[in-house]
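Visitor: Questions regarding the structure given below will be posed in turn.
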Amino acid sequence: MSRRYAVGVLGAGILMPALVRRVSAMAEPVDLNWKDLRPLPARGFSTGSVVNHSRLPERDYSDPRAYMVEKKYNGKLVRLPGYLVPLEFDRMGGTEFLLVPFVGACIHVPPPPPNQLVYLTTTDPYQMNAMFEPVYAIGVLNTVLAETDLADASYVMQGHRFEKVTFN
C-alpha cells in the first residue's frame, strides 16, 4: 500500500467503520455502470491510443478529466459490474483487487483512466474461479485516490460481496 493511499484513507476514512456498518444495513445497493463514475465534463474524454504489446502498459494522464470523480455516490452501497484484477492473494483467495471495466485492463493493455478504476478491498478472502471472471461487486464506494503498482484508481470500495454475472 502506497503512502499516498494510506494518507488518503486515514484522512478520509476515520469514520469509515461506523459508516460501513450503517450502510451495510441498507437493503438494496445503487446499481451503477462505469459511465456513472465519470462526471459529465469527463464523459467525452478518451486516452485511446494504439496498444503496443511489446512493452509494459502505460498511459499519460496529464489531462485532469482522467481524475474527475462523481462524488454523489460517496458512502453509498453500490453494485458495479466488472472484472477483478487480484493485487493481494494466496491459496485462500484475495482481499485486494482492482475492479476494471473490461477484460485485460491493467494486465494486457494500458490501464483505463483513474476515474474508471476501483481499488477494492474485502474482509473475507474471495476465491476467483478464473481470471477475467465477470462479477458484480457490491460495497461502499468512496472517492479516494489509490495508487497501486498496476494503476491509480480514483475510487475505493470496501467490498461486502460479489455476485456472478450471468448471460442469458
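The values are calculated or read from the model by the stated rules, or taken from the named source; none is laboratory data. What you see is a predicted model; the values in this text were computed from it and never measured. Counting neighbours? That spans all protein chains shown, and the Cβs are built from the backbone with ideal geometry, glycine included. For the accessible areas, the whole protein counts, side chains as well, though only heavy atoms, and no ligand, DNA or RNA atoms are used. Shrake-Rupley method; radii C 1.70, N 1.55, O 1.52, S 1.80 Å.
Visitor: Residue check, Gly94 against (1) over 14 Å from the mean Cα position of the chain (by Cα); (2) at positive phi; (3) not aliphatic (A, V, I, L, M), all met but one. Which one?
Guide: Among (1) over 14 Å from the mean Cα position of the chain (by Cα); (2) at positive phi; (3) not aliphatic (A, V, I, L, M), the lone unmet condition for Gly94 is (2).
Visitor: Could you figure out which of (1) in contact with a Gly (Cβ under 8 Å, 6 or more places away or on another chain); (2) among the polar types (S, T, N, Q); (3) surrounded by 14 or more Cβ atoms within 10 Å (Cβ to Cβ) isn't true of Gln127?
Guide: (3)
Visitor: I'm trying to understand the selection: among the residues of the range 130-148, which are open to solvent by 20 Å² or more (accessible area, probe 1.4 Å) and free of Cβ contacts under 8 Å to residues at least 60 places away in the same chain?
Guide: Ala130, Met131, Phe132, Glu133, Pro134, Tyr136
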